[in-house]
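First the structure, in the form of structure tokens, and then the observations on it.
Where a number appears in this text, it was derived from the coordinates with a stated rule and is not lab data. What you are looking at is a predicted structure, and each value in this text was computed from that prediction instead of being measured. Using ideal geometry, Cβ is built from the backbone for each residue, glycine included, and neighbour counts are taken over all protein chains shown.
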Amino acid sequence: MEKDNNIEKRPSPSKLFTRRRMLTGMAACAAAVYTDMRFIEPNWLGVGKHQVPILPNGAEPIRILQLSDLHVSHEVPLDFIDAAVDLGLKQNPDIICLTGDFITKQWNEWNAYSRILARLSKSIPTYASTGNHDGGPMMRTRGGLGTPNYVIGMLEKADIPVLMNQRQEIALPGKVPFELLGFGDLWEDDFQPRGLFEKNHARPVRVLMSHNPDTKDLIANSEWELMLSGHTHGGQLILPWGSSPIAPVADKRFVRGLHHWNNHWLHITKGVGSIWNLRLNCHPEISLIELTSAA
């Protein structure tokens, strides 16, 4: 009797069981990863600490607290930003630098936001620069604010000066003076460094606040020691092999952490908030950068 080759061969019960277990395991893993990305890591706020040897010999260290990418939104509430302020003040910094992206798109509770950030300026000298999400022509096309003036007004109400392509000499008690330069955002075409880097052999150390670390390439030949940036959220979603596919920078070498580059230092913080409030292998952070003697 001939065998009918058209009869469908059904998998054995053991193969069905193995396949079902595999699919169930994959679904469980996906659920666990999503739970971590959405509900655990975005709330796991830590402190990133670094030392940068750029001060003159014998100078007392200067402790800079950097907060960046607060991204207040429905996903990143003011309570979380308030907790970041608490954690930052506990680090006993000498000066505080806020390096942009205070909002994500739209925001209305400006007075409440201002009261939270005023806690910084009431305790420690605090300065700010703006980021691409804080408003401008690009953000207007993406449902955001068409101008950074709302964010700037909120910061000024909190007694936090905003350095928009400006230079400020900082003289802290018992510390060597240094210059703090703050810039507007690169993507919003507000980055205007002209006139801020006069050559002066007697100049103090220069620390820059520039939201997007890609701005380094436009001022690579200027005189400065340290640039504080954010923008990348540290990569936000870091794959197990270490790549950061959504990092919004051209130079993927500098996505997070402290780097020595072209006789300058770069610090890119992972930031406090994030877009969509999703993080993977990349906890949010406040950053404490201690300037020390070069010797």
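Within 10 Å of each candidate Cβ there may be at most 16 other Cβ atoms; applying that plus a DSSP loop requirement, which chymotrypsin sites (Phe, Trp or Tyr not before Pro) in segment 214-295 survive?
Sparse-neighbourhood loop chymotrypsin sites (Phe, Trp or Tyr not before Pro): Trp241, Trp276.
In percent, how large is the relative contact order of the chain, given Cα pairs closer than 8 Å and 6 or more residues apart?
The normalised contact order for the chain reaches 26 percent.
Taking every pair of Cα atoms in segment 139-205, average 1/r, invert it to obtain the Kirkwood radius, and report Rg/Rh to two decimals.
1.07
Through the Karplus equation 6.51 cos²θ - 1.76 cosθ + 1.60, θ set to phi - 60°, convert the phi angles of segment 136-145 into ³J(HN,Hα) values in whole Hz; use x for Gly and Pro.
Karplus-based 3J(HN,Hα) across segment 136-145 equals x, x, 5, 5, 4, 6, 10, x, x, 7 Hz.
Under 8 Å for C-alpha pairs, at least 6 residues apart: give me the relative contact order for segment 177-295, rounded to a whole percent.
For segment 177-295, the relative contact order is 21 percent.
May I ask for the longest run of the chain untouched by trypsin sites (Lys or Arg not before Pro) that are loop-located per DSSP and have at most 11 neighbouring C-beta atoms (other than their own) within 10 Å?
Formally, the longest exposed-site-free interval is 10-89.
Short version: ³J(HN,Hα) in whole Hz for each residue of segment 177-188, in order, from phi by Karplus 6.51 cos²θ - 1.76 cosθ + 1.60 (θ = phi - 60°), x for Gly and Pro, what are they?
Karplus values, whole Hz, x for Gly and Pro: x, 8, 9, 10, 10, x, 10, x, 7, 5, 5, 8.
Of Ile268, Phe197, Leu65, which is farthest along the charge dipole of the chain in the positive direction, counting Lys and Arg as +1 and Asp and Glu as -1 at C-beta?
Farthest towards the positive pole: Ile268.
Among bridges DSSP assigns within the chain, what percent are antiparallel (round to 5)?
30 percent
Enumerate the calculated ³J(HN,Hα) couplings along segment 235-251 in order (Karplus 6.51 cos²θ - 1.76 cosθ + 1.60, θ = phi - 60°), each rounded to whole Hz, writing x wherever the residue is Gly or Pro.
Coupling constants for segment 235-251: x, 6, 10, 9, 6, x, 8, x, 7, 10, x, 9, 4, x, 9, 6, 9 Hz.
Please list, short to long, the whole-number percent of alpha-carbon pairs of the chain in consecutive 10 angstrom bins beginning at zero.
The calculated distribution, bin by bin, is 6, 27, 32, 17, 6, 4, 4, 2, 1, 0, 0.
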